[in-house]
Structure formats: C-alpha cells, structure tokens
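J.: One structure, as structure tokens, below. Some questions next.
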Amino acid sequence: MKYIEDRSSVINPLADYEDLLKSKKKLRVKLGVDPTAPDVTLGWYAILRALRKFQEYGHTAVLILGEFTAQVGDPSGKSETRSVLEENEIDINAKGVLPIIKSILHSDNLEIVSNKEWLSKLTISEMMNLASSTTLAQMLEREDFSKRYDSKNPISLLEFFYPLFQGYDSVAVKADIEIGGNDQLWNLMLGREIQKFYNISPQVAITFPLLVGTDGKKKMSQSLNNYISVTESANNIYGKIMSIPDEVMWDYFLMLSDLELDEIEETRSLVADEKMNPFDVKKSLGKIITNELYDETLSTQAEQSFNDITINKNIPDVIPDAYISDGEVHLPNLLTENDITSSNSEARRIIASGGFKIDNVKYIELDISAAQLDGKILQIGKRKFLRINKK
C-alpha cells in the first residue's frame, strides 16, 4: 500500500487505517463519480489510477456512478447554488464516460453501480431517518456553506442533501475506504458518521490533491476549458502537458506517475537550484503520461512532433485534410467544422488576435476565396494544422 499512503492524505483515526491493513481482508474501496460532463480529464484519471492501484493489491474497486447525485449537484467549493442537471443530460454524460472508465480500471475486481438504484427508491420515512443523522450545525461547520451563510448567499435545502446522499452511498455499498479529491474531505468524513448512524464500521477517508488545469490557476475542469482529456491524441496530450506552468508540474508527477517521492523532490530541488532545465523535466513528464495512456511508440512520436513544431518550427508530416467548394469561405465555420476550434466565436477571437496563419503568414480576415485557400496549410497555435483542398 506504499503508493496509496505516499500520494494521499489519510484523514481518519490512524488506528482504523492500520487495522484495515493488518486485517489482510479484501477491502471495498469506493469512488463516486458524478457524470456532469461527457469526458474524462487527467484530473479524473489521477483518482481513477489510484483506485486501480488498490485493485492491483487485490482489493475491490466500487465505482459509484452518481446518476442521482448529479441531479442535485455537488456544492463542494461553490459560492452559489448550482443549477440542476436534467436527467437526459446525465444519461448522455454517463454513456460517454463509462466506457472510458472501464478501459482504465481492471475488470476482474470491479463493481460499477449507479446510486439511483437505491437513492431513487428511498421512501419519505427513510429520507427523514437519513436527515436525522446530521444536524444543521454540522452542515454549517462546512467552510463553503458557512461562507455562503455569513455572506447571505442562498443555500438550498437540496444542497444539504448532497453530502447525506453521498454518505448513504457508503452505507449501500458497505465501503471500507472512500477516496476522492481533497475538496471532498468534508463529504467523506460525513460518510463515516452516517455509516456509524446505520451501525456500519466507518470507512477510511483518503483524499488526493486536485490537479490544476492548463491555465495554471484553477482546478482542471471541462466547464473551465482548462482540461486535458484522456481521449485526446498522444500529440495533443503531450503538447498540453508542455504548456502547463513549471510550478504546476510537480503535482502531475505526484498524481500521474509512479516515481518515488524522494526522486520527485530531488528533481524539484535541482530545478530550483538551476541545475536542471524545467523544460527538459516537463518533457519527461509528457513522455511518462502519454506512454501510460498510449504506448512507447506513440509517446516517442508525440515528443518528436512537439520538437518539430515548437522547437524546430517544422510543419508535421501528417496533417488532417479539409475539402472546400468554389466560392467564398467563412474561416470560423471551416475551422470549427474541422475541430480546429470548439466554436465560431473562439475562431473569430483567435483570428482577430493574430493567432491564425495561412502558410505561416498571419491572416486576420474572416472570409477568403476558395481559390486563395486551395493547397494551403492553416495553423492555429503551435499544434493545430489543416491542409485545404478544393473538391
């Protein structure tokens, strides 16, 4: 269990944790995931790979797909009431993330369940019993709730039920351990108290650092568009890793590699003392992550592609093709339809700011004739290219 101990904060009476390890029994390790978005980021992956480590020690991973709790919305770290997701949106998100999660975890000691199986069936009497397990004073001890209460920002009663539901999940699956990001600490600890209320041995709560996104400021989130998806190409993942600020990469090493802590700290000291180039260290990080998500061949190709485009200023050998008809071409449409930009508004902003090139020459107009584009290479940033061909 060295990996798990080193890369986490075990927040519980230490004796509970030591007793579990000494028992030699197969533990039930719970991770709850609310399908609030249709993709899996590296931030999610960091926690999922920790769950996979428990599996490799012979324990059972119990992954709870929070299809019921996603409708409530986790208030952790929120300064205002969250909007409620529609059930059909949750279903779409769940169908998107479930195959990805299954590809990350081992299948032989894995249970995947949806908490709507039990939470949607609670009677009014059972809900009243669950609500009686916790006091309002306990809820207001939670920092984000107390701040909102003190500043007179509204807190819905539904939000108070989120941690109750998450705790009841631990009762339903009889969790021995629950893992999560460190923003989940209060929820996980309340889960212990709710298990005690139902006369179940309290779980051990283990929290992990939250990965900061590519902006270097806020936690990685699809809603903030500062994320790296595990389903992106090896080239894109490597390139985005190289774009994160130097000071952020140490948590990436911590959560996304199997390097020993003393090796990470030694490297960090060498960089701080200017005895090692942080650029080279980050390249090794990109190689480690892309190698784990793909393979050695693709991670090497990703590194070479990055060197060619960013360092040597070369254009990659393989560029996606787009086909256009005669007439005038609206560039934002062209870029968005070919997944170079996520929206027309993003494309317009990039073009207006001078971040768009045609054959390595900046172009700031939104429209251009097809004849002028035929055979040209479009470029946004350092890694996104598109070759244009007339039909």
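J.: Give me a count of the residues in the range 371-391 that are outside any loop (DSSP other than H, G, I, E, B) and farther than 17 Å from residue 337 by Cα. Give the steps one after another, and end with the answer.
T.: Our first condition is that a residue be outside any loop (DSSP other than H, G, I, E, B); within the range 371-391, this holds for 371-373, 377-380, 384-390.
Remaining after also requiring farther than 17 Å from residue 337 by Cα: 371-372.
Total satisfying the criteria: 2.
J.: Related question: Which residue out of 289, 368 is touching a Leu at 6+ places or on another chain (Cβ under 7 Å), in the same structural domain as residue 251 (by TED's automatic domain parsing) and not in a loop (DSSP other than H, G, I, E, B)?
T.: Result: 289 is the single residue among 289, 368 that is touching a Leu at 6+ places or on another chain (Cβ under 7 Å), in the same structural domain as residue 251 (by TED's automatic domain parsing) and not in a loop (DSSP other than H, G, I, E, B).
Yes or no, residue by residue, for (1) under 19 Å from the mean Cα position of the chain (by Cα); (2) at pLDDT below 95:
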{"site": "12", "(1), (2)": "no, yes"}
{"site": "28", "(1), (2)": "no, no"}
{"site": "36", "(1), (2)": "yes, yes"}
{"site": "55", "(1), (2)": "no, no"}
{"site": "61", "(1), (2)": "yes, no"}
{"site": "65", "(1), (2)": "yes, yes"}
{"site": "80", "(1), (2)": "no, yes"}
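J.: Give me the pairs: first residue in the range 227-243 and touching a residue at least 24 places away in the same chain (Cβ under 8 Å) and aromatic (Phe, Trp, Tyr), second residue crowded, with 19+ Cβ neighbours inside 10 Å and outside any helix (DSSP H, G or I), beta-carbon distance under 6 Å, and six or more apart or on different chains, which are they?
T.: Hits for this filter: 227/41; 227/213; 227/220.
Conditions (1) closer than 26 Å to residue 211 by Cβ; (2) in contact with a Pro (Cβ under 6 Å, 6 or more places away or on another chain), marked per residue:
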position	(1), (2)
272	yes, no
278	yes, no
284	yes, no
292	yes, no
299	yes, no
305	yes, yes
313	no, no
316	no, no
319	no, no
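J.: Ok, one more. Residues to consider are 102, 147; find the one that is in the same structural domain as residue 41 (by TED's automatic domain parsing) and without any contact (Cβ under 8 Å) to a residue 40 or more places away in the chain.
T.: After applying the criteria, what remains is 102.
J.: I'd like to know if the range 330-341 contains one or more residues that are under 21 Å from residue 235 (Cβ atoms), in the same structural domain as residue 246 (by TED's automatic domain parsing) and without any contact (Cβ under 8 Å) to a residue 12 or more places away in the chain.
T.: No, that holds for no residue.
J.: Consider the range 175-203. How many of its residues are over 19 Å from residue 134 (Cα atoms) and over 20 Å from the mean Cα position of the chain (by Cα)?
T.: 3
Each row is one residue, and each column tells you yes or no for (1) outside the structural domain of residue 103 (by TED's automatic domain parsing); (2) assigned to a helix (DSSP H, G or I); (3) surrounded by 13 or more Cβ atoms within 10 Å (Cβ to Cβ); (4) of a type in the set (Asp, Glu).
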| position | (1), (2), (3), (4) |
| --- | --- |
| 239 | yes, yes, yes, no |
| 247 | yes, yes, no, yes |
| 250 | yes, yes, yes, no |
| 258 | yes, no, no, yes |
| 280 | yes, yes, no, yes |
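J.: Out of the range 163-188, which residues are out of contact with any Asp or Glu (no Cβ under 9 Å at 6 or more places or on another chain) and part of a strand (DSSP E or B)?
T.: Listed by number, the residues that qualify are 177, 179, 180, 181.
J.: Answer yes if at least one residue in the range 344-359 is within 30 Å of residue 101 (Cβ to Cβ), under 29 Å from the mean Cα position of the chain (by Cα), of a type outside the set (Gly, Ala, Ser) and not in a loop (DSSP other than H, G, I, E, B), and no otherwise.
T.: Yes: the range 344-359 contains one or more residues that are within 30 Å of residue 101 (Cβ to Cβ), under 29 Å from the mean Cα position of the chain (by Cα), of a type outside the set (Gly, Ala, Ser) and not in a loop (DSSP other than H, G, I, E, B).
J.: On the given criteria, is residue 302 outside any loop (DSSP other than H, G, I, E, B) and in the same structural domain as residue 377 (by TED's automatic domain parsing)?
T.: So residue 302 does not fit the description; no.
Every residue, every condition in (1) outside any loop (DSSP other than H, G, I, E, B); (2) over 28 Å from residue 113 (Cβ atoms); (3) of a type in the set (D, E, K, R); (4) out of contact with any Pro (no Cβ under 7 Å at 6 or more places or on another chain), yes or no:
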position	(1), (2), (3), (4)
130	yes, no, no, yes
161	yes, no, no, yes
202	no, no, no, yes
216	no, yes, no, no
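J.: Within the range 342-378, how many residues are closer than 21 Å to residue 240 by Cα and in contact (Cβ under 8 Å) with a residue 60 or more places away in the chain?
T.: 1
The values are calculated or read from the model by the stated rules, or taken from the named source; none is laboratory data. Note that the coordinates shown come from a computational prediction; the quantities given were computed from them, not determined experimentally. A quick note on method: Cβ atoms are made from the backbone with ideal geometry, for glycine too, and the neighbour counts reach across all protein chains shown.
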